[in-house]
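The values are calculated or read from the model by the stated rules, or taken from the named source; none is laboratory data. This is a predicted model, so every value here is computed, not measured. A quick note on method: Cβ atoms are made from the backbone with ideal geometry, for glycine too, and the neighbour counts reach across all protein chains shown.
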Amino acid sequence: MRKMKKLAGYLLLLAIPVAIAAGLFIFNGSGYRLSEQDAADIAYKNAGVKTSDISQSTVSKARSGLHGSYEISFTTSDNHFEYTIDGQSGSILKHKSDHPTTKDEDDAQKVKNLKTRLNLVKARKRQLYQKRLRKQQLLTMLA
């Protein structure tokens, strides 16, 4: 009987570190559905860079609570890029480069064009509102 209690005690002492290690293993894996290579490929594709053009590349995991992401940094002959990719969805959370690419410039131009169109729509809406007001004032005066 005494040997059984001793054996149970040893098994319990052994089970605690195993449970802790299993929990850490599961926690480190949660939040990541993509592999490091998948995340790097997303960044390379977004930057318009071929793998053969890259002279240096690093990929590391980052975590905020249960949310996992990848931080990718790579260099080509004429530019340096830094990306943060969501570990679950693969969406680009953040990116920057030393020298903006034409894609970045195109995106900036699209935003500028959209703002201009929005301002034109707002101005037209204001004109129509003022025209309607004048029409109502005219009808009030005639009544």
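Taking the range 71-81 as the range and being closer than 15 Å to ASN46 by Cα and either surrounded by 17 or more Cβ atoms within 10 Å (Cβ to Cβ) or among the polar types (S, T, N, Q) (or both) as the test, the residues that pass are GLU71, ILE72, SER73, PHE74, THR75, THR76, ASN79, PHE81. Inclusion of GLY87 among residues that are modelled with pLDDT under 75, touching a strand residue (DSSP E or B) at 6+ places or on another chain (Cβ under 6 Å) and among the small types (Gly, Ala, Ser) is not warranted.
If you go through the range 42-58 and keep only what is in contact with a helix residue (DSSP H, G or I) (Cβ under 8 Å, 6 or more places away or on another chain) and either free of Cβ contacts under 8 Å to residues at least 24 places away in the same chain or surrounded by fewer than 14 Cβ atoms within 10 Å (Cβ to Cβ) (or both), you end up with GLY48, LYS50, THR51, ILE54, SER57. VAL121 meets each of the listed conditions (1) modelled with pLDDT under 90; (2) more than 15 Å from the chain's Cα centre (by Cα); (3) outside any helix (DSSP H, G or I) apart from (3). Scanning the range 63-78 for residues that are modelled with pLDDT of 90 or more and under 18 Å from GLY48 (Cα atoms) yields GLU71, ILE72, SER73, PHE74, THR75, THR76. The set of residues from the range 48-98 being among the aromatic types (Phe, Trp, Tyr) and closer than 16 Å to ASP38 by Cβ comprises TYR70, PHE74, TYR83.
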